[in-house]
Amino acid sequence: MEKETIESLGEFGLIDRIKSKAVIFNSNTSMGIGDDAAVIDNGKTFTLISTDLLLEGVHFDLTYTPLKHLGYKAVAINVSDIAAMNGTPKQITVSIAISNRFDLEAIDEFYEGVNAACEAYHIDLVGGDTASSRSGLVISVTAVGEVDKDKIVYRSGAGENDIVCVTGDLGAAYMGLQVLEREKQEFLGNPQMQPKIDDKTYIVGRQLKPEGRTDIVHDLNEIGVVPTSMIDISDGLASEILHLSKHSEVGFTVFFENIPIENITLETCTEFNLNPIASIISGGEDYELLMTFKQADFEKIKSIPEITPIGFVTKEKENWLVLNSGEKTKIVAQGWK
Ligand code: ADP
Ligand code: MG
């Protein structure tokens, strides 16, 4: 046997390893590592906790990311994980490490974004930590949320014949990133260049200012439907399907022609010579929700226009993407290496 390394484990293998060595001492720790948020039993309801780390040069590029947008996005992506448990975010803590490259105006701008997100989602900034950094800006946000015990949704509840749905549209954030990267390269070659992204505002906006879908959590609550499983789409549809499949011990069959995609997303794939199928199912950062429903709830779901059915759940633990030609291709693992 080869010696195990971080490379051989990959992101998910590494998390599984950390999880296998973590001991739970408290009986109110209802769900630890493994879902979109940790679940703490506080008696009447469940408290949800989710955290994310954002590093300059890895997760964002300040040459094209306005700090205000970055502040908003750092909050929104955690809100998204709370929404993925069918919960409502309530509080956040925000920690930053900054180098002497940043001035007060820059930090004010970042917090303008944080505060705008707090207002949009009705959440309170209740703490954090501030440190200096030698390698660019570091941001860590933790969100705390709440969910009624009978409404919580895990990655693990999908059952045979359930209907697979997604919210919003997919692939736009990834194509927005391609546009921003191209503009950066052109700007570096010729700083006099004016960016030409006028017709790309939608996809660029999807990359720079994503939203957590708390509106969907609200809508589902209104119609009295609880999904059987749910996850937010941060790493791309394919990757999230594999998570639901693994945790629920079922398979997913989804139809490419049913996936909601904006025209500008497809047009930009063509313009960049990128395979639309790969871009749509592997491109991340849309922060939409992937969920499954019991067939009996299907009629009710139709009243929420932002939810689109894209496939069904099978007992066989294999995951398939059916192309428009009718040809099937197996959905395979990824995640960062
Ligand atoms: P998401 O994409 O929804 O943010 P991740 O893939 O980052 O989820 O994490 C999956 C699960 O693993 C979560 O429960 C998360 O809290 C946990 N996790 C990730 N990294 C670590 C770590 N270094 N230590 C402990 N738990 C971790
Ligand atoms: Mg998530």
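Each reported figure results from applying straightforward, stated rules to the coordinates on display, with no laboratory input. Predicted, not measured: the structure shown is a model, and the values here were computed from it. Positions of Cβ are generated from backbone atoms using ideal geometry, with glycine treated the same way; all protein chains shown enter the neighbour counts.
Residues of segment 31-49 being out of contact with any helix residue (DSSP H, G or I) (no Cβ under 7 Å at 6 or more places or on another chain), not in a loop (DSSP other than H, G, I, E, B) and not small (Gly, Ala, Ser), which ones?
Of everything in segment 31-49, those that are out of contact with any helix residue (DSSP H, G or I) (no Cβ under 7 Å at 6 or more places or on another chain), not in a loop (DSSP other than H, G, I, E, B) and not small (Gly, Ala, Ser) turn out to be MET31, ASP35, VAL39, ILE40, ASP41, THR45, PHE46, THR47, ILE49.
Taking only segment 228-244 into account, find how many residues are more than 9 Å from ligand 1 (Cβ to nearest atom) and either free of Cβ contacts under 8 Å to residues at least 40 places away in the same chain or touching a Lys or Arg at 6+ places or on another chain (Cβ under 9 Å) (or both).
Result for segment 228-244: 4.
If you go through segment 17-30 one residue at a time, do you hit one that is surrounded by 17 or more Cβ atoms within 10 Å (Cβ to Cβ) and in a loop (DSSP other than H, G, I, E, B)?
no
Across segment 138-189, what is the total count of residues that are assigned to a loop (DSSP other than H, G, I, E, B), under 27 Å from LYS200 (Cβ atoms) and in contact with a helix residue (DSSP H, G or I) (Cβ under 8 Å, 6 or more places away or on another chain)?
Narrowing segment 138-189 to residues assigned to a loop (DSSP other than H, G, I, E, B): 149-162, 168-171.
Now restrict to residues that are under 27 Å from LYS200 (Cβ atoms): 168-171.
Next, only the ones that are in contact with a helix residue (DSSP H, G or I) (Cβ under 8 Å, 6 or more places away or on another chain) stay: 169-171.
Matching residues across segment 138-189 total 3.
Kindly indicate whether any position in segment 203-223 is assigned to a helix (DSSP H, G or I), crowded, with 20+ Cβ neighbours inside 10 Å and of a type in the set (S, T, N, Q). Show your work before the answer.
At the first step, the residues of segment 203-223 found to be assigned to a helix (DSSP H, G or I) are 203-208, 214-223.
Those still in the list that are crowded, with 20+ Cβ neighbours inside 10 Å too: 203-204, 206-208, 214, 216-217, 220.
After this cut, where a residue has to be of a type in the set (S, T, N, Q) as well, the list is 207, 214.
Yes, segment 203-223 has at least one match.
Among residues belonging to segment 102-129 that are among the aromatic types (Phe, Trp, Tyr) and in contact with a Leu (Cβ under 8 Å, 6 or more places away or on another chain), point out the one that is nearest to LYS209 (Cα to Cα).
Keep residues of segment 102-129 that are among the aromatic types (Phe, Trp, Tyr), which gives 102, 110-111, 121.
Retained after the next criterion (residues that are in contact with a Leu (Cβ under 8 Å, 6 or more places away or on another chain)): 102, 110.
Working: PHE102: 22, PHE110: 13 Å.
Of everything passing the filter in segment 102-129, PHE110 is nearest to LYS209 (Cα to Cα).
Please indicate, with yes or no, whether at least one residue in segment 152-168 is closer than 27 Å to GLU56 by Cα and within 17 Å of the chain's Cα centre (by Cα).
Restricting attention to segment 152-168, the residues satisfying the condition of being closer than 27 Å to GLU56 by Cα are none.
Checked segment 152-168: no residue is closer than 27 Å to GLU56 by Cα and within 17 Å of the chain's Cα centre (by Cα).
I need the full set of residues from segment 50-88 which are in contact with a helix residue (DSSP H, G or I) (Cβ under 7 Å, 6 or more places away or on another chain), more than 13 Å from ligand 2 (Cβ to nearest atom) and assigned to a strand (DSSP E or B), in order please.
LEU54, PHE60, THR88, listed by residue number.
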